[in-house]
Amino acid sequence: MKKIYLIDANSFIYRMFYGVPEMVTKKWEYVNAIFWIARFFLSQMKYENPDYLIFVKDAKWRNFRHDLDENYKATRDKMPDNLKTQMPIISDMVKKMWVPIIEIEWYEADDVIWTLADKYNWEIDIEVDVLTWDKDLYSLVSKNVCIYDTMKKKKFWIEDTVEKFWVTPDKIIDYLAIVWDKADNIPWIDWFWPKKAVTLLNKLWWIAKIYETLDEQNFDNLDEDVKKIYKWKSIEKLENSRENAFLSKKLATIELKVELPNFDLDLYKFTPEEYLTPEIKTLFRELEFNSLLWEESPELKKWDDLKLDVKIITNDDKLEKLFEKIIGQTQGTAPTKITLDTEITSLDIIKAKLVWISIFLDDDNIFYINRLHFWEKVSDENLKIFLNNLFNLDILIIWHNIKYDLEIIDLFLKSGNIANEEESEQLWLWI
């Protein structure tokens, strides 16, 4: 099947901005959203290789929903300044990568995306992946249209949508109209939470049917779980929220008939070979995205090229001499810092076994303390003394993943003297 990727630009950019740590250039320009979108196109998209890629943006300023309700999206927070400064650069970068952009005046990206998805919904040889985090677009999920969460690498088909919302895709709009969409400031049926919405929609299907049932007052033929809702305060809430409920559905409903003048799918063919254009390379250098300029990166050195002499600590005598070197007894001056790392057998702290400890003083003094490998090794008793003494020194210890490693070492220091042979057998099984 051919694949069409429809990217909900604003949703995608916001997710990139909030989903990764802030990054700044030497000039203190914020670039985290720009970097991760560039990286997404150059790596993940290049790897997944869809046949067509369309970047869809919201129209600037107002859209037709503001005519229905002036308060539409009125409560949404303003775009952060450190994202606002990145938006023009993102648009410029996407254009320079030859990724086609669609922006239709008076409509949101959702409307354009749904129009395109509906256009190809019946093509049995096409899969449409919608890259978004907006809930309302789950309403277009079908046998060949899915919502694609690129961060989780998960595609939401019909059964996944039901698992997420407890209603089928064709009921998503009514569901959002009942329970309130905070992001878009869409009103709701007062005090009707998801559980009530799911119960009503799975039995009565639509908001119109919910109110038709209320008007008829014929509750005797209803299922017991629905009948429980049509009583007392709930009836009053339904009646008082009637206008809001139908307005909410209009606001949440996505327009399926957006005019797309001169649209030709062949103009949106995915062309990753055109991404790293001279203009893009210049932009990446200006933004200090050196890691994205692969062919210009210096050649990586192999281990043999480094010519490092790693000294393996295989007995207690060598361990004692290492400590003497650290405190400066053999060189006369104590090092101000060391780098320390551990190797363990599991990410589960309870199951993990401490295999070795690496210590780096400088390029000429790199040490590997063997605890569990099958060649000669240090004793647990002396390793505990070494670690306790090391942590009492007034030196800086540079450490990767320090929180986890400290928990492992703390458990090791508090443990009894477990025979290394027994743990070595477990290490062999793990390997």
What are the lysines whose alpha-carbon lies under 16 Å from the alpha-carbon of residue 351, with same-chain residues fewer than 8 places away excluded?
-> 414
Spin-label model distance (nm) - residue 243 vs residue 118, 7 Å beyond Cα toward Cβ = 2.8
Can you grab the distance from the C-alpha centre of region 16-64 to the C-alpha centre of region 206-223, Å, no decimals?
-> 46
Label-reachable residues, region 162-178, where backbone N falls under 17 Å from a point 7 Å from residue 214's Cα toward its Cβ | 174-178
Relative exposure of 373, 400, judged by other C-beta atoms within 10 Å (fewest first) | 400, 373
By count of other Cβ within 10 Å, fewest leading, how are 407, 127, 108 ordered?
-> 407, 127, 108
Among DSSP beta bridges lying fully in region 313-399, give the percent that are antiparallel, nearest 5.
-> 70
Could you please rank 230, 148, placing first whichever residue has the fewest other Cβ atoms within 10 Å of its Cβ?
-> 230, 148
Out of residues 5 or more away from residue 102 or on other chains, whose amide H comes under 5 Å of its own, with H placed 1.01 Å from N in the peptide plane?
-> 55, 56, 57
Taking the Cα-to-Cβ direction at residue 307 and at residue 401 and moving 7 Å from each Cα, how far apart do the two end points lie in nm?
-> 3.2
Residue 389 and residue 106 label points (each 7 Å along its Cα→Cβ direction) are spaced in nm at 8.2
R0 = 35 Å: FRET efficiency of residue 143 with residue 227, Cβ-based, nearest 0.05?
-> 0.50
With the dipole of region 308-397 worked out from charges on the C-beta (+1 for Lys and Arg, -1 for Asp and Glu) around the Cα centre, which of 327, 359, 388 lies farthest toward the positive end?
-> 388
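If packing is taken as the average number of other Cβ atoms within 10 Å across a peptide's residues, how do 215-227, 32-44 rank, most packed first? Intermediate results must be reported in sequence, preceding the final value.
On the way: 215-227: 10.8, 32-44: 19.8.
The densest-packed peptide leads the list: 32-44, 215-227.
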Say R0 is 56 Å: what FRET efficiency, to the nearest 0.05, do residue 327 and residue 44 get from their beta-carbon distance?
-> 0.70
Length gained if residue 374 through residue 133 is fully extended, taking 0.36 nm per residue and subtracting the Cα-Cα distance, is 81.7 nm
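Ranked highest first by the average count of other Cβ atoms within 10 Å around their residues, in what order do 15-25, 239-249 fall? If you can, show how the numbers build up before the last one.
On the way: 15-25: 14.2, 239-249: 16.6.
Peptide ranking by packing, descending: 239-249, 15-25.
A short reminder: the numbers here are calculations on the coordinates, not readings from a lab. Quick caveat: nothing in here was measured; it's all calculated off a predicted structure. A quick note on method: Cβ atoms are made from the backbone with ideal geometry, for glycine too, and the neighbour counts reach across all protein chains shown.
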